Every structure is written in C-alpha cells, then in structure tokens.
Amino acid sequence: MIKLPGLIDPHVHLREPGATHKEDFDSGTSAALAGGITMVLAMPNTKPPIFDADTLDLALNAAKQKARCDYGQFVGAGPDNAIMAASLADKAAGLKMYLDSTFGELRLNDMTLWQPHFANYPKNYPLVAHSESRSMAAAILFAAIYDRPVHIAHISLKEEILLIKAAKEKGIKVTCEVCPHHLFMTSSSPSGRGQGEGRMEVRPRLATQTDVDALWGNLDVIDCFATDHAPHTLEEKDSDNPPPGFPGLETFLPLILTAVDHQNFTMDDVIKKMYTNPKKIFNLPDQPETWVEVDENASYEIRAEEQFTRCGWTPFEGWKVRGKVRKVVLRGKTAFEDGRIFVKPGYGKNIRG
Ligand code: DOR
Ligand code: ZN
C-alpha cells in the first residue's frame, strides 16, 4: 500500500448549472474521490456560462449544497467582462480564457478582446488559457508583455511543449498541464471496440505518436497533469453531432501509476504533477489530515459500470491498469473506501471560501 497526498485536478467540467444529466457537483465530486482526488477546479463553460457575480453565485451555491470533495470555480473571460471578472478574483479559482474551438459559448476569437483580461486579472491569481498551437504562442506573448503568469491548459503537440520549454528558458512565467488521453492515446488509437467515431471527439484533438513522444520526452517541462474531465452521455457522443470530451476523473491516477517506472517517470513526478505543482500554481490551501491509500500492485480492467460519473462510459474501457485507490481520507474523515463514498453532499469546501 502506498500513501499519497490528496490529489488535485485543476481542470474539470462538472456541468452545473445547466447540464446535470451529464454530471453535477454530487456525481462529479464522488467520481473525484473514487479517483483519489480531493480537490477539483471546475470550468465555467456551463449553461449559463459563469461570467459575472450572479452566475458565479449560482455555481458556488450548487457546489456548497452538493460537493463531496473540495472545489473551486473558474470565471470565464467574455467579450466585455474583464473588470467584472477581475473583481471576482478572490472568490474564483481563476480566470479561464477560451481562445480556440471548444464546447459551449465562451470563446474569444478576436485578439483585441484578450488584452483587457491580461491587463486586469490580478497577477496573484491564475489565468488559464485554452489555446492551441499559434494562439498558444500569442497567449505566451501576452503573458510576457503584461508580465504576469499564464497557465496553458491541456497541451498536446510537440510544437507546444517545445515552445513552452523555450519560453520558460527565457524567464516568461508560463506553466502547463497535460491530460492522460494526450499521453496515452493518438489520433490513430482504435475508436473501435464497437464504438462510434463520436466517442473519440475531444478538444484539443488526439495527436500523433510524434507529439505523444515529445510530451514524454519533455516531462520536466510539464508542470501538472489534469483530466479535463468532460462528461457527455453516450447518446450524445453517438449522435450525428457528437460533443467533444472524455470523462477522466476515475481513470486518472491508475493510468498515471501504470506508467510509473517507464521512461524515467517516478512516484516523485506523480506527486509533483498531481499535488505540489498545482497547489503552488493555483494558489490552493492546505487540506489537513488528508491522504489517499493506493494498492500499487492491484491490477484490474477499467469498467465504466463501476464509475460514479453520470456519463456512463470511458474511452479507456477494458484497459489493464495497475494501482487501485483503496481509501481516501479528507480533512480527517474517510471519504471513500473500497468502492463506496462515505461523505455526504455538502462536505466539500470552497477553496476560496
Ligand atoms: O473536449 C473538450 N470538452 N474540450 C473542451 O475544451 C471542452 C470540453 C467540454 O466542456 O466538453
Ligand atoms: Zn476543459
């Protein structure tokens, strides 16, 4: 049995408000606990999107009633809410800027709309950019010009990791995260197993083996791992217009642990990228008396039917992994043990509370 700190997932979509048939703060935080994660940061591309004081309250009130693990809520950058978003920085996990194609309405196409957000959001709170390829390069330039940190969400390409490496070497305050699906799958991974093509839709798209190799080859440039847990139902994924996104909370740690000892990847890296670094980058509080017990030798196959997420599927169905979460203790209470959740909705605390 190994003991880990309560893990942090800085990038999840819990679908509340507006799409609780996919997930809500209850099912999503239960999935987190089952995955050994005791703190999640929720994204703002909900319905309505979280972009002002009222919508932030809407999400935080739902979370307060329903969350079983600790949580923060991002505010989204819109075309004209830079001053409003900055005024909410004390209450929000951070500011999320959607600069590329995504699910939902929050998207800033025009670069002139980015400027007020980089200029106004307080430098001591995180600014996260969904920015791919050339827009990532532009986001890093904005961070340099405004001399503030930027965190790049879910990088997937060789050109991205190499540019971030170069920017770090120049002293630009850029950090980044990588998702398990971009580390373990490529665009030619079988969408097979009888599943429709829509199930493999995700943004950023799955990349090539060359890209995957570049991520593994530059592990020291990757600050955090994050799931981008993006639940959609199977009916939606198999429809004519499949929304992009994979659930990931319950497969996160086992997939990562299965890779330990490969390619010079150690347990120290796991703790750094799933606890120490996200805690620092996102300015997160301590969780006293909190830990995760993992049976590192337990091998098993991933099964959607054993998951707490409401979406009912996983792109990793049938994958053989090693490392099973046995027990999660959160602030002195057993929150999860051997497949069962023991804390009630509302036990979770707001990390900016
Ligand atoms: O695949 C994705 N799904 N990428 C995103 O950027 C958004 C997410 C979602 O909310 O479904
Ligand atoms: Zn996301």
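Would you list which aspartates and glutamates come within 14 Å of residue 47, measuring only between C-alpha atoms, while excluding same-chain residues fewer than 8 positions from it? Counting by Cα, and skipping residues close in sequence, residue 47 has these aspartates and glutamates nearby: 16, 23, 24, 57, 105.
Charged neighbours of residue 88, selected by a Cβ distance under 15 Å, balance to -2 (K, R count +1; D, E count -1).
Sorting the segments 227-235, 67-75 by their residues' average number of neighbouring beta-carbon atoms within 10 angstrom, most packed first, yields 67-75, 227-235.
Sorting the segments 165-171, 154-160, 118-124 by their mean number of nearby beta carbons within 10 angstrom, highest to lowest, gives 154-160, 118-124, 165-171. The residues of the stretch 209-353 present an accessible area of 45 Å² per residue when probed at 1.4 Å with all protein chains retained.
Rounded to the nearest 20 debye, the dipole magnitude of the chain is 740 debye, with +1 charges on Lys and Arg beta carbons, -1 on Asp and Glu beta carbons, and the Cα centre as origin. Of the solvent-accessible surface of the chain, computed with a 1.4 Å probe and all protein chains present, 49% belongs to carbon and sulfur. With K and R counted +1 and D and E -1, the other residues having a Cβ less than 14 Å from that of residue 171 yield a net charge of +3. Over all other residues within a Cβ to Cβ distance under 10 Å of residue 158, the charged ones net out to -4, with Lys and Arg as +1 and Asp and Glu as -1.
Rounded to whole Å, the principal axis extents of the Cα atoms in the chain read 51, 45, 43, largest first.
Beta bridges from DSSP with both residues in the chain: antiparallel share about 45 percent, rounded to the nearest 5. Judged by the mean number of other Cβ atoms found within 10 Å, the most tightly packed of the peptides 265-273, 303-311 leads the ranking 303-311, 265-273.
Each of 187, 318, 336 was placed along the dipole of the chain (beta-carbon charges, centred on the mean Cα), and the one lying farthest toward the positive end is 336.
The values are calculated or read from the model by the stated rules, or taken from the named source; none is laboratory data. Bear in mind the structure is a predicted one, so any value in this text is a computation, not a measurement. Every residue, glycine among them, receives a Cβ derived from its backbone with ideal geometry; neighbour counts consider all protein chains shown. Protein only, heavy atoms only, side chains kept; ligands, DNA and RNA dropped before computing areas. Shrake-Rupley method; radii C 1.70, N 1.55, O 1.52, S 1.80 Å.
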